[in-house]
Amino acid sequence: YNTLPTLSGLINSFPGGTINTWIEIPITSAVTASAGQLMSLGIDSTGGNGLDVFAREDGFNAPQLVVNYQ
């Protein structure tokens, strides 16, 4: 945690969701702009709306990145 890189370049912001509901966040334009380059994504919670993001180790509630290639 203490060695995480600094986040930069906001792609999208979104309000908190509804309990036990997945949120889809479109990032197509950012991915398209970075085509052919290495891209890292990070999530930063600055609000107080109670949005929880689980770790990948959480199993059932783990975040997912779904890629649709066309």
*How much FRET efficiency would the formula 1/(1 + (r/R0)^6) give for S8 and F54, where r is the Cβ-Cβ distance and R0 is 22 Å, rounded to 0.05?*
0.35
*When all protein chains stay in place, what accessible area (Å², nearest 10, 1.4 Å probe) is found for F54?*
90
*Take Y69, project a point 7 Å from its Cα along the Cβ direction, then tell me which residues of region 7-37 have their backbone nitrogen under 20 Å from it.*
27-37
*Each residue of region 37-44 in turn: what ³J(HN,Hα) in whole Hz from Karplus with 6.51, -1.76, 1.60 and θ = phi - 60°, glycine and Pro shown as x?*
10, 6, 9, 10, 10, x, 10, 10
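The values are calculated or read from the model by the stated rules, or taken from the named source; none is laboratory data. As the structure is a computational prediction, the values presented were derived from the model and not from experiment. Positions of Cβ are generated from backbone atoms using ideal geometry, with glycine treated the same way; all protein chains shown enter the neighbour counts. Protein only, heavy atoms only, side chains kept; ligands, DNA and RNA dropped before computing areas. Shrake-Rupley method; radii C 1.70, N 1.55, O 1.52, S 1.80 Å.
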